[in-house]
Amino acid sequence: QVQVVESGGGLVQAGGSLRLSCAVSGRTFSTHSMGWFRQAPGKEREFVGAITWSGGSTYYGDSVKGRATISRDNAKNTVYLQMNSLKAEDTAVYYCAASSGWLSDNYREYDFWGQGTQVTVSS
């Protein structure tokens, strides 16, 4: 099992920035990628971005490209999502997930999920 815990959500004004954290523990040897997804009320889960477990490669969804940066701290087994120039449409519950696959944008390929953290952007 892999445990995933997100933190760092909150209320931010449009145009502002936010950094979300994702702490990963457990049997991580089978984890090849970590992904961030988000889900707004009444909408489908949307891919935000992903990073390889080594941290060497990243992949971003079109809606956040240029505004999002995913990084990881190997010593802390933590993955970060930095979001800049936030918009009202970025409001959602943000989820972190672990995958044995490679930088997938398909949420079905992620095996372990955190509980999510709410991000609300006020306009």
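Quick notes
- Residue match in the range 43-57 (condition: open to solvent by 50 Å² or more (accessible area, probe 1.4 Å), of a type in the set (Ser, Thr, Tyr), modelled with pLDDT under 95 and out of contact with any Ser or Thr (no Cβ under 9 Å at 6 or more places or on another chain)): yes
- Within the range 75-123, considering residues that are in a helix (DSSP H, G or I) and not basic (Lys, Arg), the one nearest to GLU44 (Cα to Cα): TYR107
- Among the residues making up the range 85-99, none is among the acidic types (Asp, Glu) and on the phi > 0 side of the Ramachandran plot.
- Total residues in the range 79-103, condition under 16 Å from SER30 (Cα atoms) and open to solvent by 10 Å² or more (accessible area, probe 1.4 Å): 4
- Residues that are over 16 Å from GLU6 (Cβ atoms) and at pLDDT 95 or above within the range 112-123 comprise VAL121, SER122, listed in sequence order.
- Strands (runs of 3 or more DSSP E) wholly inside the range 1-74 that include at least 1 residues being in contact with a Lys or Arg (Cβ under 8 Å, 6 or more places away or on another chain): 2-7, 18-26, 33-39, 46-52
- Pairs, first of a type in the set (Phe, Trp, Tyr) in the range 91-102, second open to solvent by 20 Å² or more (accessible area, probe 1.4 Å) and modelled with pLDDT under 95, C-beta under 6 Å, six or more apart: TRP102/HIS32
The values are calculated or read from the model by the stated rules, or taken from the named source; none is laboratory data. No experiment lies behind these values; they were computed from the predicted model shown. Cβ coordinates were reconstructed from backbone atoms using ideal geometry, including for glycine residues, and neighbour counts include every protein chain displayed. Protein only, heavy atoms only, side chains kept; ligands, DNA and RNA dropped before computing areas. Shrake-Rupley method; radii C 1.70, N 1.55, O 1.52, S 1.80 Å.
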